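Enquirer: Sharing a structure, written as structure tokens. Questions coming.
A short reminder: the numbers here are calculations on the coordinates, not readings from a lab. Every value quoted in this text rests on a predicted model; they were computed, and no experiment measured them. When we count neighbours, we look across all protein chains shown, and the Cβ atoms used for this are built from the backbone with ideal geometry, even at glycine.
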There are 2 protein chains.
Amino acid sequence: MTRLRFHRSLDDLKEKLLVMAGMAEQAIQRAVEAYRVRDLSICDLVDRGELAINRLEREIDQMALDLLAMEQPMAIDLRFILAVIKINADIERVGDSANSISDRVRELQAFPVAEMPVDIPRMASLAESMVRKALQSFIEADANIAESVLSMDDSVDRMNEAAYFALLNVMKTEPHLAPQALNALMIARILERVADHATNIAEDVIFWVRGADVRHHMLETEQTEPKQV
Amino acid sequence: MTRLRFHRSLDDLKEKLLVMAGMAEQAIQRAVEAYRVRDLSICDLVDRGELAINRLEREIDQMALDLLAMEQPMAIDLRFILAVIKINADIERVGDSANSISDRVRELQAFPVAEMPVDIPRMASLAESMVRKALQSFIEADANIAESVLSMDDSVDRMNEAAYFALLNVMKTEPHLAPQALNALMIARILERVADHATNIAEDVIFWVRGADVRHHMLETEQTEPKQV
């Protein structure tokens, strides 16, 4: 495989990861929409989408493995491929989170609709924008964008904590609404985990980009002072 | 690096991963003990342990990366190294789960002790044994042991579901106990996620062991029928 071909394969890998990320993002959007309008047919869509996401995860792992096996990638490409493998696992779990929300919506169907003191769509949109930004930092190999994702995580944590206490209060004061409050609380926690996955992705991008620098400096040092093995 | 040295390095990598897994397992045990006896000093131990686990995670990633960079591992070793990288991430998250339990225990301190209809220590011991078995399947490269982990996951899911409905019932019928019930429910969910991490590890072992076979057959086929690239 020529160097050019190898780099084209890396681009294909990146492209595939972005397709999968788009599917995971759409799954979260759909699941939250299913919650908002209590529509089980949207839940079905989310569940079917999961199969496609899982298939893509395995394909990406295999592509990454093949690239490592066929080539002897340079350190910087190696770090990129490893970042892909790790990001791949996180995106798959974002897809899983969408299914967990869809499970909650199904359970909620047994109970009357009740207004809850938590803005799930707003939390979801913040968590989604973190995932998008984390992927942007990956595409642009930009550790600064990745760092901005880490600081966004605090907002989601705060929203989740506020939701927790508000919903606990509903349980205490209006116990007949406990099932609805508990489900809303669970969905808020799932969205907090989506934000955590975005944070993991951002950390992997930082490890990849900064580590590539570190590795570069190490190699320069080695030229003057051979490493003892 | 000689082939022998390379294999010794793979053993070191495995050894380090097992040390980290032992620490994560201990963290879960401690966090559950902190819950059982409501002892915040144990929570402090758990929190301090997390730093060591996170440090080991980065060291293992770096070792794996160095092995990939210095050598051109054969397909089977490559799959092993990738399995290590993925298992590493899951073990680190088991450590995180211990911290999440410890956070719950701290919050519980504000409320009187109340008996809850969920056997957290039993659930924890099942989740821990899944993690141990998943690691055993990894050490012994045994896909059958890994498969047995997958079937154990159903038991944990069932225990978690039973806990969910029993605790929801506490919230509805004894709303003054809602905080204690909610915290117990959260801890049950965290333990279910620990079991999920064990499942992820087992799946990675299956991918590694079975995939190695598949790859081997592919290479044999290629000798008679060259692959079109």
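Enquirer: Go through (1) more than 15 Å from the chain's Cα centre (by Cα); (2) in contact (Cβ under 8 Å) with a residue 60 or more places away in the chain; (3) at negative phi and name the single condition A:A198 misses.
Expert: Against the list (1) more than 15 Å from the chain's Cα centre (by Cα); (2) in contact (Cβ under 8 Å) with a residue 60 or more places away in the chain; (3) at negative phi, A:A198 comes up short only on (1).
Enquirer: Moving on to the next point. Kindly list the number of the only condition in (1) under 24 Å from A:D157 (Cα atoms); (2) surrounded by fewer than 18 Cβ atoms within 10 Å (Cβ to Cβ) that fails for B:R58.
Expert: All conditions pass for B:R58, except number (1).
Enquirer: Quick check on my filter: what residues within the stretch A:39-93 are in contact with a helix residue (DSSP H, G or I) (Cβ under 7 Å, 6 or more places away or on another chain) and among the basic types (K, R)?
Expert: A:R79, A:K86, A:R93
Enquirer: Also, I was wondering about something else. Within the stretch B:17-44, restricting attention to residues that are among the basic types (K, R) and surrounded by fewer than 17 Cβ atoms within 10 Å (Cβ to Cβ), which residue is farthest from the other protein chains (Cβ to nearest Cβ)?
Expert: Within the stretch B:17-44, the match that is farthest from the other protein chains (Cβ to nearest Cβ) is B:R36.
Enquirer: All but one of (1) out of contact with any Gly (no Cβ under 8 Å at 6 or more places or on another chain); (2) charged (D, E, K, R); (3) closer than 26 Å to B:R58 by Cβ hold for A:R3; state the number of the condition that does not hold.
Expert: A:R3 satisfies all of (1) out of contact with any Gly (no Cβ under 8 Å at 6 or more places or on another chain); (2) charged (D, E, K, R); (3) closer than 26 Å to B:R58 by Cβ except (3).
Enquirer: Looking at the stretch A:45-61, can you tell me whether even one residue there is within 14 Å of chain B (Cβ to nearest Cβ) and more than 17 Å from the chain's Cα centre (by Cα)?
Expert: yes
Enquirer: To continue, here is another question. Counting only residues that are over 17 Å from A:Y164 (Cα atoms) and of a type outside the set (A, V, I, L, M, F, W, C), which one in the stretch B:183-204 is surrounded by the most Cβ atoms within 10 Å (Cβ to Cβ)?
Expert: B:D204
Enquirer: Follow-up question, since we're still on this one. Which pairs turn up if I take residues in the stretch A:26-47 that are more than 15 Å from A:V194 (Cβ to Cβ) and look for partners that are among the polar types (S, T, N, Q) and not in a helix (DSSP H, G or I) with beta carbon separation below 7 Å, at least 6 apart in sequence or on another chain?
Expert: A:R38/A:Q109; A:L40/A:Q109
Enquirer: Listed residues A:V113, A:V84, A:V156; which is closer than 19 Å to B:M186 by Cβ and hydrophobic (A, V, I, L, M, F, W, C)?
Expert: None of the other options fit; the residue is A:V156.
Enquirer: Only one of (1) closer than 21 Å to B:D96 by Cβ; (2) more than 10 Å from chain A (Cβ to nearest Cβ); (3) buried (at least 17 other Cβ atoms within 10 Å of the Cβ) fails for B:D157. Which number is that?
Expert: All conditions are met except number (3).
Per-residue answers, yes or no, for (1) assigned to a helix (DSSP H, G or I); (2) in contact with an Asp or Glu (Cβ under 7 Å, 6 or more places away or on another chain); (3) under 21 Å from A:D204 (Cβ atoms); (4) of a type outside the set (D, E):
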site	(1), (2), (3), (4)
A:R8	yes, no, no, yes
A:E33	yes, no, no, no
A:S41	yes, no, no, yes
A:V46	yes, no, no, yes
A:L51	yes, no, no, yes
A:R58	yes, no, yes, yes
A:I81	yes, no, yes, yes
A:N88	yes, yes, yes, yes
A:S100	yes, no, no, yes
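Enquirer: Let me ask you something else. When the residues of the stretch B:78-116 are filtered to those that are among the charged types (D, E, K, R) and more than 17 Å from the chain's Cα centre (by Cα), which remaining residue is surrounded by the fewest Cβ atoms within 10 Å (Cβ to Cβ)?
Expert: Taking the candidates together, the pick is B:E115.
Enquirer: A further question follows. Which residue pairs have Cβ atoms under 7 Å apart, sit 6 or more places apart or on different chains, and have a first residue in the stretch A:133-150 that is more than 13 Å from A:F207 (Cβ to Cβ) and a second that is exposed (fewer than 15 other Cβ atoms within 10 Å of the Cβ) and not basic (K, R)?
Expert: A:L135/A:L18
Enquirer: If you go through the stretch A:168-189 one residue at a time, do you hit one that is farther than 27 Å from B:H176 by Cα, in a helix (DSSP H, G or I) and facing chain B (nearest Cβ under 10 Å)?
Expert: no
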